[in-house]
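Read the structure below first, then the notes.
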Amino acid sequence: QHATVTLDPAFTVAPVRRRTFGSFVEHLGRCVYTGIYEPGHPTADTDGLRQDVLALVRELGVSMVRYPGGNFVSGYRWEDGVGPSRVRRPDLAWHTIETNEFGTDEFLRWCGRAGVEPMMAVNLGTRGVAEAVDLLEYTNHPGGTHFSDLRASHGNPKPYDVKLWCLGNELDGPWQVGFKTAREYGRLAAQTARAMRMLDPGLTFVAVGSSGSGMPEFGAWEAEVLAETYEEVDLISAHAYYEEVDGDLGSFLASNLDMEHVIRAVTATADHVGARLKSRKKIGVSFDEWNVWYLSRFQNAPPPAAWEIAPRQLEDVYHVADAVVVGSLLISLLRHSDRVEAAAQAQLVNVIGPIFTEPGGRAWRQTIFHPFAQASALARGTVLHTAVGSPVYATPKYGDAPLVDAVATLSDSGEVALFVVNRSIDDPVRLTIGTRAFDRALTIGDATVLADDDVYATNTADAPDRVAPRPHPGVTPGSLDVVLPPVSWSVIQLS
Ligand code: AHR
């Protein structure tokens with residue numbers, strides 16, 4: 001099999017956006033407790049923040065972190081998690097006990113240590129405009145008012161200046177505490193954004209889009225929500241999770257075809273609403289939940305019997321094929337950098353996360369850590385239109401899918417980074433990279449591949465580096481040809 005990738009430095013999509021490499025920390029399972037935060041852990045600092053996890057977060061190259069949910073936010077009272085006395089409450093979303101030991105100040109301090117931008121979500125499930133404005137006053141107001149002085153009295157006189165705000169979470173879903181019709185939600189979101197901007201005009205707002213492309217109202221929900229919020233918000237959210245179902249590895253490997261469909265459908269819907277409103281403004285996409293998630297295993301498991309504190313929930317262990325799918329999803333997000341202005345892999349630690357920890361023990365990289373870390377480190381400058389010529393294969397779910405998919409970026413200093421997946425289950429594919437349009441000869445420099453004879457191989461506490469990128473064996477020195485092994489993620493640098 002043979003595929004081609006053709007690059008031209010004049011054919012550009014958009015600048016690489018740092019916000020593409022966002023992640024997500026929800027009060028769910030062990031993402032916070034024994035994930036990023038574990039007082040008493042041998043690596044914890046005086047604030048209880050695990051330094052081993054922080055080191056991996058920095059290595060992962062996360063730029064932005066969404067918080068505190070997720071389903072959790074739709075029942076959250078942020079006041080429970082600030083100050084000296086914390087309130088214990090049942091979390092209806094995940095049927096657990098929330099101690100609120102970790103809250104807004106701890107999260108924003110953690111963001112500072114991790115070097116990431118916070119993306120805060122407000123509760124528009126059980127709460128509304130007033131509580132959202134109160135939270136903004138707490139995080140962003142300089143001082144001299146009730147909530148800004150309260151923040152100062154908690155030892156944080158300097159405002160956190162949070163810029164990016166999600167107006168609720170998945171309010172189209174019946175599983176959401178306080179779920180709403182599109183019209184109800186749209187009006188509430190518009191009023192909330194308007195009021196929050198009265199306090200701080202420099203904010204960016206994300207309206208809630210559909211929870212997934214399979215939702216009955218996908219498309220209609222976005223249209224109605226944007227009809228209410230168009231001039232108040234900047235972005236509309238998209239969420240998508242993928243898993244291998246009934247042994248159909250071929251369809252699973254082609255999951256980014258669905259992500260492509262979501263991005264195209266949501267932007268087309270937004271543009272349609274803009275046209276109807278005679279607005280020149282363009283709404284971007286915040287793909288603020290995406291990942292591989294073995295959701296059906298979670299849905300088929302018995303619900304938690306007891307109300308526990310930070311139990312093991314959604315702790316998927318990822319394999320090689322999962323990492324290749326995550327790589328292909330990153331390819332799609334980068335390819336659509338003209339409209340996808342922010343994205344967050346869900347989630348960061350333990351809960352469907354690239355980082356895994358043991359309470360009191362070590363932290364390690366899951367297989368899906370690697371494509372994210374490599375793309376975040378090497379995608380620089382501008383995204384190029386990447387013309388892929390590839391044989392196709394038949395998938396039960398998506399019809400014909402290209403065996404090879406790829407995207408390239410061109411840094412300001414002229415280096416090309418090419419990110420490629422080969423989805424063939426059995427066969428290597430020879431890839432030829434066309435670079436004739438460049439005014440100089442490009443040659444392949446560093447190249448790595450993530451692949452394994454066992455596509456279901458995982459990383460564990462005892463073998464944390466079983467699956468990792470290795471020097472690419474398929475590069476022919478002096479040529480622009482690379483042999484991509486089956487089920488693989490390759491990163492090829494050219495200069
Ligand atoms: O990321 C796990 C859950 O998936 C989130 O809480 C929710 O928003 C989505 O349904």
Can you report the number of residues in region 424-434 which are open to solvent by 20 Å² or more (accessible area, probe 1.4 Å) and not small (G, A, S)? 6
Within region 126-180, how many residues turn out to be within 16 Å of the ligand (Cβ to nearest atom) and hydroxyl-bearing (S, T, Y)? 1
Select from region 404-423 the residues that are open to solvent by 10 Å² or more (accessible area, probe 1.4 Å), not in a strand (DSSP E or B) and not acidic (D, E) and write down the one among them that is nearest to L333 (Cα to Cα). S411
The one condition in (1) within 25 Å of V326 (Cα to Cα); (2) more than 16 Å from the ligand (Cβ to nearest atom); (3) in contact with an Asp or Glu (Cβ under 6 Å, 6 or more places away or on another chain) that N100 fails to fulfil: (1)
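Residue-wise test of (1) crowded, with 21+ Cβ neighbours inside 10 Å; (2) more than 22 Å from T104 (Cα to Cα); (3) at pLDDT 95 or above.
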residue	(1), (2), (3)
Y160	no, no, yes
L164	yes, no, yes
T181	no, yes, yes
G186	yes, yes, yes
Q191	no, yes, yes
A207	yes, no, yes
P216	no, yes, yes
E222	yes, yes, yes
Sort through E170, E106 and tell me the only one that's at positive phi and modelled with pLDDT of 95 or more. E170
Output yes when any residue across region 209-223 is out of contact with any strand residue (DSSP E or B) (no Cβ under 6 Å at 6 or more places or on another chain) and within 24 Å of E117 (Cα to Cα), and no when none is. no
Check whether at least one residue in region 351-367 is within 16 Å of the ligand (Cβ to nearest atom), in a loop (DSSP other than H, G, I, E, B), open to solvent by 60 Å² or more (accessible area, probe 1.4 Å) and more than 26 Å from G219 (Cβ to Cβ), and report yes or no. no
Can you name the residue in region 265-297 that is of a type in the set (S, T, N, Q) and more than 16 Å from the ligand (Cβ to nearest atom) and is also nearest to D316 (Cα to Cα) among such residues? T267
Which numbered condition trips up S286, out of (1) modelled with pLDDT under 95; (2) hydroxyl-bearing (S, T, Y); (3) closer than 29 Å to A268 by Cβ? (1)
Name the residues in region 317-350 that are out of contact with any helix residue (DSSP H, G or I) (no Cβ under 8 Å at 6 or more places or on another chain), open to solvent by 10 Å² or more (accessible area, probe 1.4 Å) and part of a loop (DSSP other than H, G, I, E, B), would you? V317, D338
Selection within region 277-312 - more than 28 Å from V340 (Cβ to Cβ), touching a residue at least 60 places away in the same chain (Cβ under 8 Å) and not acidic (D, E): P303, P304, W307, I309, A310, P311, R312
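The values are calculated or read from the model by the stated rules, or taken from the named source; none is laboratory data. In this text, all values refer to a predicted model and were calculated from it rather than measured experimentally. Every residue, glycine as well, gets a Cβ built from its backbone with ideal geometry; the counts of neighbours run over all protein chains shown. Just so you know, the surface numbers come from the protein's heavy atoms only, side chains and all, with ligands and any DNA or RNA stripped out. Shrake-Rupley method; radii C 1.70, N 1.55, O 1.52, S 1.80 Å.
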